[in-house]
Every structure is written in C-alpha cells, then in structure tokens.
1. Would it be correct to say that residue 38 is loosely packed, with under 13 Cβ neighbours inside 10 Å, more than 25 Å from residue 249 (Cβ to Cβ) and modelled with pLDDT under 95?
2. Scan (1) farther than 22 Å from residue 250 by Cα; (2) touching a residue at least 12 places away in the same chain (Cβ under 8 Å); (3) assigned to a strand (DSSP E or B) for the single condition residue 99 breaks and write down its number.
3. Given the conditions (1) modelled with pLDDT under 95; (2) within 20 Å of the chain's Cα centre (by Cα); (3) not in a helix (DSSP H, G or I), report the number of the one that residue 140 does not fulfil.
4. Give me the residue from the range 102-145 that is touching a residue at least 40 places away in the same chain (Cβ under 8 Å) and more than 30 Å from residue 297 (Cβ to Cβ) and, out of that set, surrounded by the fewest Cβ atoms within 10 Å (Cβ to Cβ).
5. How many residues are in a loop (DSSP other than H, G, I, E, B) and closer than 15 Å to residue 138 by Cβ when one looks only at the range 46-92?
6. Which one of 132, 184 is out of contact with any helix residue (DSSP H, G or I) (no Cβ under 8 Å at 6 or more places or on another chain) and either farther than 30 Å from residue 99 by Cβ or at pLDDT 95 or above (or both)?
7. Might you check whether a residue that is crowded, with 18+ Cβ neighbours inside 10 Å, in contact with a helix residue (DSSP H, G or I) (Cβ under 6 Å, 6 or more places away or on another chain), in contact (Cβ under 8 Å) with a residue 24 or more places away in the chain and in a strand (DSSP E or B) occurs anywhere in the range 156-176?
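The values are calculated or read from the model by the stated rules, or taken from the named source; none is laboratory data. All of these numbers come straight from a predicted model, not from anything done at the bench. Quick reminder, even Gly has a Cβ in these numbers, built from the backbone with ideal geometry, and neighbours come from all protein chains shown.
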C-alpha cells in the first residue's frame, strides 16, 4: 500500500469516527429533549434547591419513568391516600388504558416545574409513538407522608375529581374555620386591600337554610340559594357573596377554595369573581378525632 493510500485510509477512518461522534451527540440530544433521560433532566434543576424541592423532583422522576415504562400500578401508588380510598384500582386502570389508547410513550418534555409552599406544579408534554404531543399538568401536595399526586390533567376523567370530600363533619368544620379566617382574621383582604367587609355575609347554598351552621362574631351570616341572595341583598349592606368551591382532605392537609363573587357591576375592589385557597393541618393525624388548625394561604385569583 502506497503512503498516499495509507493516509487516505487513515483519513477515512477519522472521518467515520468524527461522524459517529456527531450522530451520537444528535441522538443523545434528541433522547434528552424528549425526556427519556428523565433523571438527567430533573437533576439539572436541583442546583441550589431545598431538600423538599429535591424530594418533589424525585417524585416527578418516578412518575415520568412509570409513564414511559407503562407501569400504571406505579403511577397509582404515587397518588395520595384519599384518592386511592375513593378511586379504586380497577377504575384507575380502566381510565389509564382509555387515555393511553394503545399508544406508547416515547418521552416527556417539561415546560415548567414550580413549587409554591406545599404545592408542586408541573407542566409537561407527552410524546407518543404516533408522533402526537399531548399536554399534561401534574398537581402535587406535600403532606405528612411526603409529596403525593393530587391530580393529572388531561389524563383522568373529571368524575374522579370529587375524591377527598367524603369526610362530612371535617369538611363542615373546615368551612367554618375558613369563614373565621376570612372575616374575623381579615384574610379576605389578601384578595384586595380595598375590599370592604359588610356586616351581612351571604353564603351561596344549594338550598336556603333558616339557621346556618356558620357564625362569626359581629356579622350576620345567611346561607341561601343564589336567587334568594339576589332578592335579599339590596336590603342589606352586602355587595358580594361567598361560594365554597373545591374542598379536599388529603392525609393531614385540608385545602379549600373560596370564591368571592360581586353582586353588582361596580363593586370597589371587586370588579370580577375573585378568590383564594386556604390550608388547614390536622394536628391529630392519623387519629380519628381531627383537630384542624389554620396553616396559610395557597393560590390567589
């Protein structure tokens, strides 16, 4: 073999090696982009994070791997105990199979991961073998048992949403505590500082009650249907009403969403439906007799 031919052969081998490295890099980047290397993606976000942040990211990693590996039992086990007590395994599995619809998940791409207090919010795109990309929102909560899944949007049917509402006595107690925090302790001012508190407080109910369960010293509370509220409101100083939205008990944590709805078009400091989320902690958990204590505010809208 001549010297020129030898150098040409060496050059060809070098070119092949370089091309292989480039292709491997492209494959690696694409592999990472679609979330197959979930641990690598998540670990990049851990720098400077708190211990609770890292625990949340660990759970997000577990969920991502369970989705890609098609292990629905692992997904189910990440949900909180209240969810599992209400939504039985067979119902969950059926919902999961309907959602998957004979597709395979190729990867997951995260668009946002954010922790606010004991809440974790994750936005992601699921890529299937059909080249579809579907949005999935993950909602997490930090309880005494650690980070647990609350909900997966665009995954579970809305019929599952009412889980955690079965503890009737505790829920009634939490509503009363919420009224206390809103009006006695002034949490309603968190919505807007300029919002005035009337002496008559209307609470929207499915049916009107002559005697309401709720009380707040210095205030008259009426629990009525919306038509009855609108009929009686003009006789009082009320210019908005309270509506309890989602109330959920998850392990030792109670979360309640409360809407404040204007009764008239122009209400100072309240030009639209506003609201807030309150958290309460059961200091006796897991004992049967709950002792709920106010912890703090979650979302505001």
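1. Working: loosely packed, with under 13 Cβ neighbours inside 10 Å: no; more than 25 Å from residue 249 (Cβ to Cβ): yes; modelled with pLDDT under 95: yes.
Against the criterion (loosely packed, with under 13 Cβ neighbours inside 10 Å, more than 25 Å from residue 249 (Cβ to Cβ) and modelled with pLDDT under 95), residue 38 does not qualify.
2. In the conditions (1) farther than 22 Å from residue 250 by Cα; (2) touching a residue at least 12 places away in the same chain (Cβ under 8 Å); (3) assigned to a strand (DSSP E or B), residue 99 misses (3) alone.
3. (1)
4. It comes out as 109.
5. Residues of the range 46-92 that are in a loop (DSSP other than H, G, I, E, B), as a first pass: 46-50, 70-71, 78, 80, 87-88.
With the extra rule that they be closer than 15 Å to residue 138 by Cβ, the set shrinks to 78, 80.
Here the count works out to 2.
6. 184
7. Checked against the condition, which is being crowded, with 18+ Cβ neighbours inside 10 Å, in contact with a helix residue (DSSP H, G or I) (Cβ under 6 Å, 6 or more places away or on another chain), in contact (Cβ under 8 Å) with a residue 24 or more places away in the chain and in a strand (DSSP E or B), the range 156-176 yields no hits at all.
Conditions tested, residue by residue: (1) over 18 Å from residue 163 (Cα atoms); (2) surrounded by 12 or more Cβ atoms within 10 Å (Cβ to Cβ); (3) more than 18 Å from the chain's Cα centre (by Cα); (4) modelled with pLDDT of 95 or more.
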residue: 253; (1), (2), (3), (4): no, yes, no, no
residue: 257; (1), (2), (3), (4): no, yes, no, no
residue: 262; (1), (2), (3), (4): yes, yes, yes, no
residue: 272; (1), (2), (3), (4): yes, no, yes, no
